[in-house]
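Worksheet: one structure, shown below.
The values are calculated or read from the model by the stated rules, or taken from the named source; none is laboratory data. Please read all numbers here as calculations on a predicted model, not as lab measurements. Reconstructed Cβ throughout: ideal geometry from the backbone, glycine too, with neighbour counts over all protein chains shown.
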Amino acid sequence: MPFIHHHRPDVPSTNQWAMDWLKSEAPHRPILFTADHQTEGKGQRERQWHSERGRDVVMSLVLPVQPHWTPASLNKRVALTVRSTLLEALPGAMNERSVLVKWPNDVLIWHGAGHYKVGGILVENVWRGSAWSHAVIGIGVNVQSKRLTQPYRAISLSDAWQSSVTPHVLVEQLAKRLIQDLHQPFASLDADYHHALFALNETRPFVVGGRTHEGRLTAVDAQGTGQFSWNPDENAAPPPPNRLTSSEVQWCWPT
């Protein structure tokens, strides 16, 4: 399905640009918003998404809601499509476990002896009265920027794999794959999503309610809620709930 493409050199946020545009428009076809640079990129929990001018993917894709979508299934399918698109750029010596999804919305790639964040996804939903009418799918991917010197655990495709892909080419690939995949029935979605999840069933620390607890993410259910199994606390503190939304739990990373 063809899409309309709007581009600006600079915007505060492509998602905010798309959301503002939808206040006066109700498109029946895909609309792609891109920029060379955004000054107030949006991430989860009101965090800012940083990019380098002309060196990273900065995009938001507006799609009319399809009957087979739910908010949770849409988020899962978008993450899997971003992952599969990046897998196509893998060096021959790497394998499919080199690209994983960290619940709920990060894409990680392998470098050295661990996984690093290469991309983030922010899906925002638009409602017309009580009807879910459109989804704004915001995607940022570190393509050619330099990330290994940053204080947070991030990397770019060129840092990790010496990839020669350009942001423009990757944007086109992502938009086309998303439009194709999101219009198809979501067959085997949960199984595919769990197969692609980072650290599934691995014991690691999480922060819940301001305290650090050891436990395992065992599944993400059809509503997008994380299912956890917690280790006994050595201080006899009560364990967190076994079902948590992504806003209630924070991953811990080695320093």
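Summed over region 117-130, residues that are outside any strand (DSSP E or B) and of a type outside the set (S, T, N, Q) total 1.
Considering only residues in region 30-46 that are surrounded by fewer than 16 Cβ atoms within 10 Å (Cβ to Cβ) and over 21 Å from VAL143 (Cβ atoms), the one that is modelled with the lowest pLDDT turns out to be ARG45.
Within the bounds of region 152-174, is there any residue that is modelled with pLDDT of 95 or more, more than 22 Å from ALA35 (Cβ to Cβ) and either in contact with an Asp or Glu (Cβ under 8 Å, 6 or more places away or on another chain) or not basic (Lys, Arg) (or both)? Checked region 152-174: no residue is modelled with pLDDT of 95 or more, more than 22 Å from ALA35 (Cβ to Cβ) and either in contact with an Asp or Glu (Cβ under 8 Å, 6 or more places away or on another chain) or not basic (Lys, Arg) (or both). Just to be sure before I move on: is ALA26 over 18 Å from HIS168 (Cα atoms) and at pLDDT 95 or above in the structure I sent? No, not satisfied.
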